[in-house]
Amino acid sequence: MNNCKTGLAWVLVGVFAVLVPSVQADTQEDRIERLEAQLAAMQRELALLKNQPSQPTAPASEQAINAAVDRAVEQKMAQQPKVPDWLSNMKLSGDFRYRHEWTDDASKVADRNRHRIQARIALNGTVNEELAYGFRLASGNSEAPLRDEGSPISHNQDLGNAFSSKNIWLDLAYFDYHPKAIAGLNVYGGKMNNPYHRVGNSDLMFDTDVTPEGIAAVYNTSLSETVNVFGAAGGYYVRERSEDADTSLWGIQGGATLKFDDAKKSHLTAGAGYYNYGNAKGRAGLGTDNTQFYGNRSTGGVFDSDFDLVQGFAEIGVPLGDLPLRLFADYICNTRAVSNQDTAYLIGASLGRTSTPGTWALSYNFRDVEADALLGVLAEAAFGGGGTNVKGHKFGVNYQLAKNTAFGLTYLMAERTRSGETNDFDMATVDFTLRF
């Protein structure tokens, strides 16, 4: 065993002694040859570089960079969960108003001071290219004229009832069909915004918070660059009765606006309307307390008159320096009144517009609303305490404090006649309004 190991060791020593010198000799020769070849190659490359001008690499263009960024963003977005169309087509909006209200009713012993809020939130969206919808919730007192279902003429909610929770009502719920084949046509169904044109934001026939219920069609189109025509027609449900004929409203209105200067800052609008309340005469009052008629004449607990109303209106707008000035008038006559108390009219003016911070607007109107000129339960809520058989003045000033933030002052100086007695009814309001 030991002899084998000894013999193998001597063999390895012999091989190593033979190979090492040859490897060392080959390595030195090869190294010299390689160095000489590398030196020659470097000399050739250096000569080429000296004979040719340098060519810097052109930077990538801005357009190419933007295109690459866009592709990267698109790829990233494609990996994100897709938002449903119905959700992306929804819009949320609303407003909040804080009001202090002072009332001096000469028929009462003392003046009244109230703090009131108005809160509304609306959801609008599109179903497809021809169909949209809208919903709105609004605050409001459970008081006259419709305690059980909320007032149709006011979203004000009184504060100060031992911190009680407040009411929220369904104020709007409608569809809006606007066919592509008839541009300018909108068909509404449900509980909707007032579809009729109101010059100077007139609240002569309806309080501005009234939202009619039924079906209406509104059409608006331009005949030329200076002439625009508009119209609206609809049928509405005023009072459903299980054992008697329903009270309804059928109304149609039309008009035109003419712009008559090069800058189109001046305009003239005029139009007319007809409104027929079916099945009012001989019926009880339309509020929760059906013995109340809100200024309309009654005998034996029922309306004396029907209400078939003819309307005419006009507005002229001109610039006064940099401010828009509007003069307007609204006239209504009840052709079915049984007395000569059948006429209502409003004339007014406004100057300025609240649009951006620091802008302001002034407004004024005078109205005279005779007892049976229109349906009292839907008339303006604040003027003279609401209803008909009122006349007097309304002054207003509004100032835009900041974006979507406004401050307003209003003073109403009215005379109201009830049961043959006429009293002063004055009111002042201070408003702080936020919109979103």
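The values are calculated or read from the model by the stated rules, or taken from the named source; none is laboratory data. Remember, it's a predicted structure, so these values are computed and weren't measured experimentally. As a convention, Cβ positions derive from the backbone with ideal geometry for all residues, glycine included, and neighbour counts pool all protein chains shown.
Here are some notes:
- Selection status of residue 412, assigned to a strand (DSSP E or B), among the aliphatic types (A, V, I, L, M) and under 29 Å from residue 110 (Cβ atoms): yes
- Considering 405, 388, 359, the condition of being at pLDDT 95 or above, among the polar types (S, T, N, Q), touching a Leu at 6+ places or on another chain (Cβ under 7 Å) and surrounded by fewer than 16 Cβ atoms within 10 Å (Cβ to Cβ) is satisfied by 405 alone.
- Against the test of being among the acidic types (Asp, Glu) and either within 28 Å of residue 396 (Cβ to Cβ) or modelled with pLDDT under 95 (or both), the options 322, 342, 304 yield a single qualifying residue, 322.
- Condition met for residue 114 (modelled with pLDDT of 95 or more and surrounded by 15 or more Cβ atoms within 10 Å (Cβ to Cβ)): no
- Selection status of residue 237, surrounded by fewer than 17 Cβ atoms within 10 Å (Cβ to Cβ) and of a type in the set (Phe, Trp, Tyr): yes
- Counting only residues that are modelled with pLDDT of 90 or more and exposed (fewer than 15 other Cβ atoms within 10 Å of the Cβ), segment 126-157 holds 5 of them.
- Residue 355 being in contact with a Pro (Cβ under 9 Å, 6 or more places away or on another chain), within 29 Å of residue 102 (Cα to Cα) and of a type in the set (Ser, Thr, Tyr): no
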